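A quick write-up on the structure given underneath.
Each value in this text was obtained by applying a stated rule to the coordinates, not by laboratory testing. The model shown is predicted, which means the values in this text are computed figures rather than measured ones. With ideal geometry, Cβ positions are generated from the backbone for all residues, glycine too; neighbour counts draw on all protein chains shown.
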Number of protein chains: 4
Amino acid sequence: MALYLDGCQCASKQVDDSTNKDPLVHSKDPKHPANIICQLCRLFYSNNWITGTGGGISVKHPLTGHIYIAPSGVQKEQLQPEEMFVMDPKTEDYIRTPEGYKPSACTPLFMSCYRQRNAAAVIHTHSQHAVMCSLFFDKVFEIANIEQIKALPSGQKDPVTGKDINLSFFDTLHIPIIENTAHEEDLTDGLNEALAAYPNATAVIVRRHGMYVWGPTLDKAKVYNEAIDYLLELATKMHQLGIPPACAIGEEKKYVKTY
Amino acid sequence: MALYLDGCQCASKQVDDSTNKDPLVHSKDPKHPANIICQLCRLFYSNNWITGTGGGISVKHPLTGHIYIAPSGVQKEQLQPEEMFVMDPKTEDYIRTPEGYKPSACTPLFMSCYRQRNAAAVIHTHSQHAVMCSLFFDKVFEIANIEQIKALPSGQKDPVTGKDINLSFFDTLHIPIIENTAHEEDLTDGLNEALAAYPNATAVIVRRHGMYVWGPTLDKAKVYNEAIDYLLELATKMHQLGIPPACAIGEEKKYVKTY
Amino acid sequence: MALYLDGCQCASKQVDDSTNKDPLVHSKDPKHPANIICQLCRLFYSNNWITGTGGGISVKHPLTGHIYIAPSGVQKEQLQPEEMFVMDPKTEDYIRTPEGYKPSACTPLFMSCYRQRNAAAVIHTHSQHAVMCSLFFDKVFEIANIEQIKALPSGQKDPVTGKDINLSFFDTLHIPIIENTAHEEDLTDGLNEALAAYPNATAVIVRRHGMYVWGPTLDKAKVYNEAIDYLLELATKMHQLGIPPACAIGEEKKYVKTY
Amino acid sequence: MALYLDGCQCASKQVDDSTNKDPLVHSKDPKHPANIICQLCRLFYSNNWITGTGGGISVKHPLTGHIYIAPSGVQKEQLQPEEMFVMDPKTEDYIRTPEGYKPSACTPLFMSCYRQRNAAAVIHTHSQHAVMCSLFFDKVFEIANIEQIKALPSGQKDPVTGKDINLSFFDTLHIPIIENTAHEEDLTDGLNEALAAYPNATAVIVRRHGMYVWGPTLDKAKVYNEAIDYLLELATKMHQLGIPPACAIGEEKKYVKTY
């Protein structure tokens, strides 16, 4: 896949050499939201999370607070910084609208996460592991007693340091599953209900669709997305062997095939 | 895989430095059909869609209308622009025949898509997901109520704007499955019948073989191919769990194993 | 994986700048056996075919006839041209022995393919698909009526052109499975028996071990290896669904789960 | 994934150009522990072994004996040499503590391997194959009669040369499985017990967590990790087909589905 994307990057470099640069989206800092969104989209594409224009990502600039959003319906792995929408976080008006592009249908959902969870970044994938788990789980995904759970926040904060406390190995991770709707923007009600009902959740699975994951920093949102996807994949494999993903330690032996 | 292909690209660059360039196939524009076909073949190879000389791709030049086709029997991930056949779309005569190469056996099938669907590009893969679905589906592949379906065209056009309308989440995607033949060119009759019987289809699965996908632009053909492959993979996983891929929302719970 | 291997390539470039170059193994031609073996090993490593020093490859120089063989027990994805053994094809003596390395234990098997099949290259992988098929097939692997079979030779030659004729879609591919032995070199007897019993075979599966694939050119050996691995993977998936990989067209529906 | 990581490497190069270099971690030698740890983390990330800050690696400098350890809780695929902790092997005091980082929770486990096994490197992954095998195996993972086993040490040494003797094809590989604990550092007791009970083991699986693998050189630790992961993957596939991974040669046919 590298070469194909190299070709895309060549095209991008030609654009970078133009004299009319927009400081909102053109930066030499690889961590600038307009650059990191493009980089992450290539990574997510190679993971089969956002194939065929599916999925999306939004990042808040850590200094200016501007909200960067990839446009609707483009091939995300070919995304370029100059294709980015930029929104003022207070007025929620676009301060940059790339010509010929439509805003992402995910925008209202991204905004719910920004407003209600004070998120710094929101990732939306069409992960097949999320879709599969939404078929054999009902209202909530549950997995327990797996080390990777410890990468995810419990919702509690340390009373002294104020830092996030993560789940422990012996905890159960709960992720609400909401029903899909005909139009992505109509998911907002379901998402808002889930945010209210699961105040500690850092992700929502959308049945037969994919998932939304957010975090207090972009790095944390990325880590949460990777850890949850790992757990959804593992849960699907456990289900295939007949093991309930949230069963107690040792209980799995009751379900496992013997020879 | 990157390095291996890098090696191939090095060889390609040596060719690019030669003084005898053919403007039909040598261009610095990464979006030129002769370049993009090579790029996409490397991507498709890394996805296991065109391994071992299998599969193929044809692209119509958006300005000249010339039809570019990769030759028969070459390792597609090593393809170079100067190996391309080029055809005049009106006379259907080759205006460029690379020495020592045979035209692709897929050519008559590509031409059916160009003529009958006004396609701008046709992709042919040996996707294992397509082969697997052709084993457990009969005359038509069906999947319903999955978000990724929305990346695919319904065949309807907006009466005001004239733009393609895609399927909705609640629709069922139908892809006809035709029987394979001893010689690839003999697939043309089956393909033509499927094109007539399924006027809205943007793809045909060939049983125990792979699939053909086309679109009104190269970008759309690529997106359709990715979205369909994602859905074929998901359908195979659903089948493995005993869930009919086209079942109604909620009905999957009837089929799912309980502990 | 790309970056990790990039690091290796950097190390290689330093070696290339040294003044004491051995023309047997140092060439700027990416198709030189010493270079292409290194390139292919990186590709095969990324396919999980030669992980952890497993597997190997040997290529005959198309002009000199010298036989190039990667050494024993090295990490194949980090292989460098100067680590190559080179053998005179007539005397079967090494004309180059890299200091500190042992010849590959696969050497006697490579030599059987060179001698008895006039091979130009031999590929040995630890493909998990080959190991799996060796567990549920007995003396011979069989698959039928799959398009990818057409990439493989029938053993017949066109009486007019003298060119190899490949299998047709309606044919059955047979690959003999031999028993593994404690020492790789002891496989030679089993391989020689299989070569005699299956004069048209271009590959042999070694039970619980992997496979050997060869061809009249390096390109053909590579294509055969890819096509066979694709078919072994597909056969494993068919077996998981209860479908015999060599069943007649349409017969698969008898075995497929209905809802 | 290549491009995303390329972006990271660009950032790294900027750091390398700074004038304040710390010779403990800045070296042009790609084999220097601080460089090879970063390279291997990118490889392991692309293998899904250390996703979402999980996993870790420690390497002893072959000349100075200094122990290099990646810090806690960082995204391992973005690791930079200047983020490394460095420990004096005799005093076990840190001689380099990167500002703002916490030592890895794996450190006591790495130290057990260094002390009790004279390891030169220790790799810790969250491999899903290790987690899956820990669900259907009880106190010890066992697999037998698979060629890849020969990449692993038997614990015996050649009485003449003093070199490690590897397992033979007809041997059974045993890897102890220890119970997971709430805190990674509390695994030390279980690891020490396993090291004592299985004096020939070069790895320990941690139930519902992942595994630790070590070796007398970094290259050997890497090869052992790859070979074991290959065998864990294969064992999971065998289990799915109902075949006990340690069954005798030929016995698998008793368990295999017939049509």
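Below are the figures for this structure:
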quantity	calculated
Cβ-vector label at 7 Å, B:GLY73, separations to other copies in nm	4.4, 4.4, 6.2
Among B:PHE85, B:PHE169, B:PHE136: highest mean-square fluctuation, GNM of chain B, C-alpha pairs under 10 Å	B:PHE136
Burial ordering of C:GLU252, A:GLU142, fewest other beta-carbon atoms within 10 Å first	A:GLU142, C:GLU252
Anisotropy class of region B:161-248 from Cα gyration tensor, a/c 1.5 cut	oblate
Dipole magnitude of region C:33-248 about its Cα centre (Cβ charges: Lys, Arg +1; Asp, Glu -1), debye to nearest 20	300 debye
Alpha carbon centroid spacing (whole Å) that separates region A:221-259 from region A:107-186	17 Å
Degrees separating the helix B:188-197 axis from the principal Cα axis of chain B, which is the longest one	50 degrees
Nearby lysines by direct alpha-carbon distance to B:LYS157 (threshold 16 angstrom, same-chain neighbours under 8 apart not counted)	B:LYS220
Fluctuation leader among C:ALA194, C:ALA34, C:ALA130 - chain C, Gaussian network, Cα springs under 10 angstrom	C:ALA194
Residues B:MET132, D:MET84, sorted so that the one with the fewest Cβ neighbours within 10 Å comes first	B:MET132, D:MET84
Across the identical copies, how the C:ARG96 labels are spaced - nm, sorted shortest first, 7 Å along Cα→Cβ	3.7, 3.7, 5.3
Inter-copy separations for C:LYS257, label at 7 Å along Cα-Cβ, nm, ascending	0.8, 0.8, 1.2
Neighbour-count order for B:VAL256, D:VAL86, fewest beta carbons within 10 angstrom listed first	B:VAL256, D:VAL86
Angle between chain B longest axis and helix B:218-240 axis [Cα atoms, degrees, rounded to 10]	40 degrees
Ratio Rg/Rh [Cα only; Rh per Kirkwood] for chain D	1.00
Cβ-derived FRET efficiency at R0 25 Å, A:TYR255 paired with A:SER168, nearest 0.05	0.55
Per-selection Kirkwood Rh - the protein assembly as shown (Cα, Å, 1 d.p.)	30.0 Å
Expected-Rg normalisation [2.2 N^0.38 Å, Cα atoms] applied to region D:65-189	1.28
Angle in degrees between helix D:2-16 and the longest Cα principal axis of chain D, rounded to the nearest 10	30 degrees
Gaussian network model of chain B, Cα within-10 Å springs - most flexible of B:VAL160, B:VAL25, B:VAL223	B:VAL160
